[in-house]
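The values are calculated or read from the model by the stated rules, or taken from the named source; none is laboratory data. Remember, predicted model here, so these are calculated numbers, not experimental data. Using ideal geometry, Cβ is built from the backbone for each residue, glycine included, and neighbour counts are taken over all protein chains shown.
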Amino acid sequence: MARLIAARLAQMAVLLALLSFAAYMLIGLMPGDPVDLAIMADPRLTAADAARLRALHGLDQPLLARYGAWALAVLHGEFGFSRLYARPAAAVLWPALGSTLVLLAASLSLAILVGVGLGALAALRPRLAPFVEALALLGQAVPTFWLGMLLIILFAVDLGWLPAGGEADAPGLLAALRFLALPVATLAIANLAAYARHSAAALETALREPWIRSARARGASEEQVLWRHAAPNAAVPVLTIAALDAGALVSGALVTETVFARPGMGKLIYDAVMGNDYNLALLALLLTAAVTVLSGLAADLAQRALDPRLRDA
Amino acid sequence: MAFGAGRREGRRPSLPGSGAGPRPEPDAESPALSPRDATDAPIPADAPPRPARRPGNPRLLAGLLLLGGLAAGAALADAVAGLLGHDAFAPDLFSRFEPPSAAHPLGTDELGRDILLRLLYGARVSLAVGLATALAASVVGTLAGVVAAWRGGLVDALVMRLADALLALPALPLLVVLAAIDPARLGLPARGEGLGTAGADILRITLILALFGWVGVARLSRAAALSVLARDHIRAARALGATEARVLRRHVLPNILAPVAVATALAVGGAVLAESVLSFLGLGIQPPAPSWGNMLANAQELVFAAPLSALWPGLAILLTVTGCNLVADGLRRR
């Protein structure tokens, strides 16, 4: 177990180092640089000023040398300043991560609750299975940003019940919930299809296992069979997907956050990439990659904890 | 087309040297959602090819009908434009936001352009990106998967570690970074040169999406190739003196086409969805060329002025991706 964790953490370090290099090079391939933006913002800047600014910020150095300097600074815990926010990049990052985690926790729990419920319904009541399957099919194909827009049109524009986007303007739980409702619903609807499909399949498999027959033969009630014997086995794949989803959604909420103008990680990355905010974009990318890899590890560990058969492997 | 190849393969049981069951069962381990399929026994290999088949495959049929309808719409875009007598690209500021009428079946957008025509031209872009990406991903992925399974050892480890690494990375932000790259700095055709704006954008988006798309195909085809390579007919072919190239081409490749076809169909839907996301974010197909994604980006700014303009492009994406998933599901259950 400890060896597994150590190996995976080492792999993660290698992956992050490679990613930071690749991302740095890719960002070097993007059009424009901060000085170009400064020229656009202030037409009085002369070419000589621009050259002096580039030299001052090291932008005239070759890309490899710039990467080396950046990596060295990061290893010393210096993450640099965010150009867009004029604050240390790390200080910009934490509130965004918090906002995303709230959105993620709410929408993922809702998706699991409803999705597993639908999946169980399909597995236990075969006559309802086609309806659940059709729902899952549509849920997997719906573009999140379109779903979000439809919800905005319905609940914010037509009915006027909920705000169309942004963050809570007043303190208090109720205000926060009002602003969370639509983005959470969007992400939950888009994600619950996978849970419905997988939990239905897992429950059906579990119910066909020989130990279910022997439990019934011993006289266990249907409820006991379901909750004591089938459900725990069916939970393993569902929890695995949940852990993987959590990692993917830290950045995958990008589109939803953009549609609802929520200042989370996804939107932060998008804005940083678009605004040539190199320090912030790199740091945010690395952080989300780390979270994604760690959630994959968490999924593996959870699987081992839940399924004793995997522990020897 | 990859689907066609996969379908033919499924019902042709007499390959040279393949005695029993050339039908790979890619999904034997993931049970179907509806219990009816649980009792479906695989068709025995020596059964007569046609009559023994189950009556119909509604999923495959529905998916093919959906996609066929969309493809026909895309192909007929010019004809519809001639019929209606509008230009999908020319603004007409005197007829902005017109409600649906005989002249404009779905109304007009904020520049007075016909929404139906823009949807049909957008279908060309979306389907082109989807098919091209899926094709590139399945060719590269199959090649990588088969070679990894066949060579084993270091090659296998390298390919699979690369695949794992790509899967472990957060895809969407990386797509954003990749899509923001200036193609001119890589020596690719820049916008407006040679291929035309839309063509250059389609090529750019296809390359970016295929960069991630091959992974799924590679993993599936590697697993399928490993199981095929362990079968007796491969040993028989080798014993008869077949070269390795012939073994791979004649005995391995035909037997893994079914899972590859499933993965390809899924990849088409995934690519259509990803293209719409990138275009929605302003990084994909650039206006004035219409794409469902950039039409939705426009619609978002008009949520209050013209809320209904958001409806159609999203519905088109939903139907396309549903069609692809239905085809994949149908192929999987054959």
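Here's the yes/no breakdown for (1) over 25 Å from A:Leu9 (Cβ atoms); (2) crowded, with 22+ Cβ neighbours inside 10 Å:
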site: A:Ala215; (1), (2): yes, no
site: A:Trp227; (1), (2): yes, no
site: A:Asn233; (1), (2): yes, no
site: A:Ala243; (1), (2): no, no
site: A:Ala253; (1), (2): yes, yes
site: A:Ala261; (1), (2): yes, no
site: A:Ile269; (1), (2): no, yes
site: A:Asp277; (1), (2): yes, yes
The residue from A:Leu285, A:Leu280 that alone is out of contact with any Lys or Arg (no Cβ under 8 Å at 6 or more places or on another chain), within 24 Å of A:Val74 (Cα to Cα), among the aliphatic types (A, V, I, L, M) and part of a helix (DSSP H, G or I) is A:Leu285
With the requirement that a residue be assigned to a strand (DSSP E or B) and out of contact with any Asp or Glu (no Cβ under 6 Å at 6 or more places or on another chain), what does the stretch A:78-96 give you? A:Phe81, A:Arg87, A:Pro88
For the stretch A:175-200, give me each residue that is within 18 Å of the chain's Cα centre (by Cα) and of a type in the set (Phe, Trp, Tyr). A:Tyr195
Of the residues A:Leu147, A:Leu121, which single one is under 24 Å from the mean Cα position of the chain (by Cα), in the same structural domain as A:Trp227 (by TED's automatic domain parsing), at pLDDT 85 or above and of a type outside the set (Asp, Glu)? A:Leu147
Does any residue of the stretch A:161-168 turn out to be surrounded by fewer than 19 Cβ atoms within 10 Å (Cβ to Cβ), closer than 25 Å to A:Trp146 by Cα and of a type in the set (Phe, Trp, Tyr)? yes
Please verify whether B:Ile285 is surrounded by 18 or more Cβ atoms within 10 Å (Cβ to Cβ) and in a loop (DSSP other than H, G, I, E, B), treating the condition exactly as stated. yes
Restricting attention to the stretch B:206-223, which residues are among the polar types (S, T, N, Q) and in contact with a Gly (Cβ under 8 Å, 6 or more places away or on another chain)? B:Ser221
Please give the number of the condition A:Asn191 fails out of (1) modelled with pLDDT under 85; (2) under 26 Å from A:Val236 (Cβ atoms). (1)
Any residue in the stretch A:54-74 that is closer than 18 Å to A:Ala22 by Cβ sitting within a Cβ distance under 7 Å of a residue that is exposed (fewer than 12 other Cβ atoms within 10 Å of the Cβ)? List the pairs, counting only those 6 or more apart or interchain. A:Arg66/A:Gly58; A:Ala69/A:Gly58
Selection within the stretch A:201-230 - among the hydrophobic types (A, V, I, L, M, F, W, C) and over 27 Å from the mean Cα position of the chain (by Cα): A:Ala206, A:Leu207, A:Trp211, A:Ile212, A:Ala215, A:Ala217, A:Ala220, A:Val225, A:Leu226, A:Trp227, A:Ala230
Which numbered condition B:Ala305 misses (of (1) more than 13 Å from every other protein chain (Cβ to nearest Cβ); (2) part of a loop (DSSP other than H, G, I, E, B); (3) within 26 Å of B:Gly122 (Cβ to Cβ)): (1)
Number of positions in the stretch A:5-20 that are surrounded by 14 or more Cβ atoms within 10 Å (Cβ to Cβ) and away from chain B (no Cβ under 11 Å): 1
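Results for (1) surrounded by fewer than 24 Cβ atoms within 10 Å (Cβ to Cβ); (2) within 14 Å of chain A (Cβ to nearest Cβ), shown as yes or no for each residue.
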{"position": "B:Val217", "(1), (2)": "no, no"}
{"position": "B:Asp232", "(1), (2)": "yes, no"}
{"position": "B:Ala271", "(1), (2)": "no, yes"}
{"position": "B:Ser276", "(1), (2)": "no, yes"}
In the stretch B:280-292, how many are within 16 Å of A:Thr144 (Cβ to Cβ) and without any contact (Cβ under 8 Å) to a residue 24 or more places away in the chain? 1
Can you give me the number of residues within the stretch A:249-277 that are more than 12 Å from A:Ala96 (Cβ to Cβ), more than 10 Å from chain B (Cβ to nearest Cβ) and not in a helix (DSSP H, G or I)? 4
Exclusive hit being away from chain B (no Cβ under 14 Å) and at positive phi, set A:Gly219, A:Gly117: A:Gly219
Could you go through the stretch B:139-148 and let me know if any residue there is modelled with pLDDT under 85 and not hydrophobic (A, V, I, L, M, F, W, C). no
Exactly one of A:Ala235, A:Ala206, A:Ala164, A:Ala194 is touching a residue at least 60 places away in the same chain (Cβ under 8 Å), within 14 Å of chain B (Cβ to nearest Cβ) and farther than 25 Å from B:Phe304 by Cα, and that residue is A:Ala194
Considering only the stretch A:126-221, give the helices (runs of 4 or more DSSP H) lying wholly within it that have at least 2 residues that are touching a Gly at 6+ places or on another chain (Cβ under 6 Å). A:173-207
